[in-house]
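A quick write-up on the structure given underneath.
The values are calculated or read from the model by the stated rules, or taken from the named source; none is laboratory data. Being a predicted model, the structure only gives us computed values, none of them experimental. Quick reminder, even Gly has a Cβ in these numbers, built from the backbone with ideal geometry, and neighbours come from all protein chains shown. Surface accessibility is based on the protein's heavy atoms, side chains included, excluding ligands, DNA and RNA. Shrake-Rupley method; radii C 1.70, N 1.55, O 1.52, S 1.80 Å.
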Amino acid sequence: MNRVLVILTIDTENLPQNFQEIIQQERKVVGEWKAAGFLDQLFLRQTKNGAVLIFKDIDTDKVEQLMTTLPLYQLKKSIEIFPLIKDVEF
């Protein structure tokens, strides 16, 4: 089972007035991904400037496409995408 790690950083210096509305839309999209079975984990960053997402059973091209549909994508400062492989000994 493959995994893809995504680190999303948003530009907290330029948040729009409707930021809370964007967050609610974001939660809806992420919930749909979780229900569809390809989002494994979501972690919010302690610095409150982004999130870490772990996808499963989809390739990096699909992950890249999905990330562009996130409401917070418009506020991105950076997105890092890392395909992962499981260490068979653990």
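Each residue in the stretch 1-32 was checked for being of a type in the set (A, V, I, L, M) and either open to solvent by 60 Å² or more (accessible area, probe 1.4 Å) or in a strand (DSSP E or B) (or both), and 8 of them qualify. So which residues in the stretch 58-86 are assigned to a loop (DSSP other than H, G, I, E, B) and β-branched (Val, Ile, Thr)? Of everything in the stretch 58-86, those that are assigned to a loop (DSSP other than H, G, I, E, B) and β-branched (Val, Ile, Thr) turn out to be 58, 68, 69, 85. For the stretch 36-54, a residue qualifies if it is open to solvent by less than 90 Å² (accessible area, probe 1.4 Å) and of a type outside the set (S, T, N, Q), and the qualifying residues are 36, 37, 38, 39, 40, 42, 45, 50, 51, 52, 53, 54. Residues that are more than 11 Å from the chain's Cα centre (by Cα), surrounded by 13 or more Cβ atoms within 10 Å (Cβ to Cβ) and touching a residue at least 40 places away in the same chain (Cβ under 8 Å) within the stretch 55-75 comprise 56, 58, 60, 75, listed in sequence order. Scanning the stretch 41-51 for any residue that is under 20 Å from residue 14 (Cα atoms), touching a helix residue (DSSP H, G or I) at 6+ places or on another chain (Cβ under 9 Å) and without any contact (Cβ under 8 Å) to a residue 24 or more places away in the chain turns up at least one such residue. Checking each residue in the stretch 33-57 for being part of a strand (DSSP E or B) and small (Gly, Ala, Ser) picks out 50, 51. Scanning the stretch 33-62 for residues that are more than 30 Å from residue 17 (Cβ to Cβ), hydrophobic (A, V, I, L, M, F, W, C) and in contact with a strand residue (DSSP E or B) (Cβ under 8 Å, 6 or more places away or on another chain) yields 38, 54, 55, 58.
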